[in-house]
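What follows is a short report on a single structure.
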Amino acid sequence: CIESVVGQSYKKLEIILVDDGSPDNCPEICDEFAIQDARITVIHQQNRGVSAARNIGLQHATGDYIYFIDSDDYIEKDAIETLVREVVYTEVDVVLFDANIFGKSKSLSYKTDYYRRKGLYSNPVKGTKMLKDLLEYNLVDCLSTWFVKKKHHQTMIDDDQQAIYLKVFKPAIKNILQ
């Protein structure tokens with residue numbers, strides 16, 4: 001996971017690693033990466049869960065956009081560059097993208113397309129339409145497929161995945177649900 005982020009073709013990254021009280025050697029691994037790469041900040045805390053870890057990361061983030069990645073995920077080498085290019089070109093606040101799920105061996109035989117949006121967002125759409133489509137097609141899935149302008153996050157992550165997305169688009173919800 002960390003290697004896939006550090007190795008991004010887009011180098012102007014702020015990388016925040018939150019050690020949420022991991023009982024294995026993850027704290028040492030995080031610290032070692034921080035020694036080797038000045039873009040990395042490590043935050044150690046007692047185990048409070050993934051939502052608390054994301055919130056502490058949000059509090060320390062200084063960039064314009066936020067991307068969450070879990071320790072068992074990885075991203076393609078040009079993923080962040082592609083996302084940044086998309087937000088600059090389209091002037092949007094949120095980019096949603098697809099992901100694949102692999103077995104522990106990352107073998108293609110275990111690959112699924114669970115996080116596929118089937119072309120629903122091939123062009124930029126307004127937030128109200130996107131939220132309506134997300135709710136209608138039940139596409140509220142995983143933060144690892146969202147690249148979001150920080151101003152929409154604040155400290156609002158909780159353990160209910162659907163509540164996360166509703167909060168991200170809170171200003172648009174009233175328009176859609178009326």
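Listed values, structure above:
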read-out: Heavy-atom SASA rank of 9, 71 (probe 1.4 Å, accessible area, largest first); value: 71, 9
read-out: Cα convex hull of the range 50-100 - mean projected area over all directions, nm²; value: 4.3 nm²
read-out: Solvent exposure ordering (accessible area, 1.4 Å, most first) of 29, 56; value: 29, 56
read-out: Neighbour-limited loop hits for GluC sites (Glu not before Pro), the range 1-35 (at most 15 other Cβ within 10 Å; DSSP other than H, G, I, E, B); value: 14
read-out: Whether the range 8-75 is rounded, prolate or oblate, judged on the alpha carbon gyration tensor where a/c under 1.5 counts as rounded; value: oblate
read-out: Solvent-accessible area of residue 17 with every protein chain in place, 1.4 Å probe, in Å² to the nearest 10; value: 20 Å²
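The values are calculated or read from the model by the stated rules, or taken from the named source; none is laboratory data. Everything quoted here is computed from the prediction, not taken from an experiment. Cβ coordinates were reconstructed from backbone atoms using ideal geometry, including for glycine residues, and neighbour counts include every protein chain displayed. To get the accessible areas, we keep the full protein, side chains included, count just its heavy atoms, and leave off ligands, DNA and RNA. Shrake-Rupley method; radii C 1.70, N 1.55, O 1.52, S 1.80 Å.
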